[in-house]
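Okay, here's the structure, questions in a sec.
The values are calculated or read from the model by the stated rules, or taken from the named source; none is laboratory data. In this text, all values refer to a predicted model and were calculated from it rather than measured experimentally. Note: ideal-geometry Cβ built from the backbone for every residue, glycine included; neighbour counts use all protein chains shown. Ligands, DNA and RNA are excluded from the accessible area calculation, which covers all protein heavy atoms including side chains. Shrake-Rupley method; radii C 1.70, N 1.55, O 1.52, S 1.80 Å.
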Amino acid sequence: MWILDENNVVIAAVVTLAMQFIFFLVAFACRFDKVTDFAGGVNFVIIALLTFFLAQTYSVRQIVVTCFVCLWGIRLSGYLLYRIIKIGEDSRFDDKRNSCLKFAGFWTFQAIWVFTVSLPVIFINAPSSSKKLDPDAFTPLDIVGTVFYTVGLLTETFADFQKFNFRDNPKNKGRWCDYGLWKWSRHPNYFGEIIIWWGLFLMSTNILWYAQWAAVLGPIFITLILLFLSGIPLLERKADERYRNNPDYRDYKMSTSPLIVIPPSCYKAIPSIVQCYCCCEFPLYNYLDKDTHQALNESTTITIMPESSDATTGNKPPENGV
């Protein structure tokens with residue numbers, strides 16, 4: 001009862017499971033791909049609004065963070081819905097549409113993703129949070145978190161539209177995207193996504209206490225998924241397998257940061273060990289000299305995260321979800 005009354009964690013979990021289950025039933029019954037990523041983004045908005053209005057405390061921090069999540073969720077889900085309508089079919093589900101268990105597995109993980117990443121927002125919107133500080137106070141951590149969020153949202157938004165426009169141009173068919181932010185990072189959209197959620201977590205640290213520090217699982221979860229599971233590793237393998245024989249692509253990969261937005265001239269000057277530990281240039285991202293069979297055997301990626309856009313290919317992207 002304490003969790004339910006003080007933090008609204010249980011009701012957020014129940015609503016998330018119910019929402020994802022309903023969308024799963026519709027998607028599986030109709031063999032319909034177009035609602036998958038949309039359901040994830042909208043679920044974040046629902047949880048933020050639900051916990052905000054349940055609390056009825058309406059502190060400045062709660063208002064700001066709820067608006068932040070709604071802006072991010074509406075922008076991302078709208079973009080992904082438009083993209084899948086334009087593309088047609090979601091290739092992630094080619095081996096899942098006819099299998100109830102496989103398809104349900106995707107939607108289950110999507111529910112876990114939404115709930116876990118939403119933890120900082122749930123705790124910020126908890127009724128007790130407005131009592132721990134002056135409700136109208138905006139601390140240095142709030143300011144830093146807001147800067148993180150703003151930079152992340154702008155980076156993700158510009159990266160998405162630059163990639164979409166690049167891919168939509170027939171002249172770029174068969175090419176990897178090295179336009180705009182993609183010239184300075186191989187995955188700028190993921191960089192933006194990660195710092196958005198670390199920014200919101202920073203804002204939540206003003207009010208966290210005891211078990212509420214579980215909120216750190218949110219940004220850790222999204223970071224690990226994008227860096228080591230369904231995000232960068234999957235897209236790097238696909239791009240390397242396709243373009244490994246192109247010297248220009250090899251030069252692009254060697255001179256461009258995998259995540260953090262850095263000018264290529266600066267990135268090339270960084271020692272490889274620093275690139276690995278400070279810029280996320282991990283060995284598992286390199287499939288240039290591996291044949292397809294070897295790469296498939298070594299890959300442990302799971303296609304679960306919603307890609308705001310495909311990272312390197314210039315034609316139809318591999319879709320993603322959660």
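Can you find a residue that is basic (Lys, Arg) and not in a helix (DSSP H, G or I) anywhere in the range 101-108?
no
Which residues, counting only those in the range 247-287, are loosely packed, with under 13 Cβ neighbours inside 10 Å and of a type in the set (S, T, N, Q)?
Correct list: Ser265, Ser272.
Looking at the range 188-210 only, could you name the residues that are free of Cβ contacts under 8 Å to residues at least 60 places away in the same chain and more than 22 Å from Gln162 (Cα to Cα)?
Trp198, Gly199, Tyr210
While we're on this one: Which of the helices (runs of 4 or more DSSP H) contained wholly in the range 1-58 include at least 2 residues that are open to solvent by less than 10 Å² (accessible area, probe 1.4 Å) and in contact with a Gly (Cβ under 6 Å, 6 or more places away or on another chain)?
Result: 36-55.
Restricting to the range 117-148, give me the number of residues that are open to solvent by 20 Å² or more (accessible area, probe 1.4 Å), in contact with a helix residue (DSSP H, G or I) (Cβ under 8 Å, 6 or more places away or on another chain) and under 27 Å from Ile260 (Cα atoms).
5
Moving on. Tell me which residues, restricted to the range 149-171, are under 30 Å from Tyr58 (Cβ atoms) and either among the acidic types (Asp, Glu) or open to solvent by 80 Å² or more (accessible area, probe 1.4 Å) (or both).
Of everything in the range 149-171, those that are under 30 Å from Tyr58 (Cβ atoms) and either among the acidic types (Asp, Glu) or open to solvent by 80 Å² or more (accessible area, probe 1.4 Å) (or both) turn out to be Leu154, Glu156.
Before we move on, is Leu49 over 19 Å from Asn7 (Cβ atoms) and out of contact with any Leu (no Cβ under 6 Å at 6 or more places or on another chain)?
Spelling it out, it is not the case that Leu49 is over 19 Å from Asn7 (Cβ atoms) and out of contact with any Leu (no Cβ under 6 Å at 6 or more places or on another chain).
Just need a number here: residues in the range 238-273 that are basic (Lys, Arg) and without any contact (Cβ under 8 Å) to a residue 24 or more places away in the chain.
Here the count works out to 1.
Residue pairs, Cβ under 6 Å, 6 or more apart or interchain, first in the range 48-68 and aliphatic (A, V, I, L, M), second open to solvent by 70 Å² or more (accessible area, probe 1.4 Å). List them.
That search, which allows pairs on different chains as well, returns Val60/Asp136.
How do the helices (runs of 4 or more DSSP H) wholly within the range 152-249 filter down when requiring 2 or more residues that are closer than 22 Å to Pro120 by Cα and among the hydrophobic types (A, V, I, L, M, F, W, C): which remain?
188-204, 217-228
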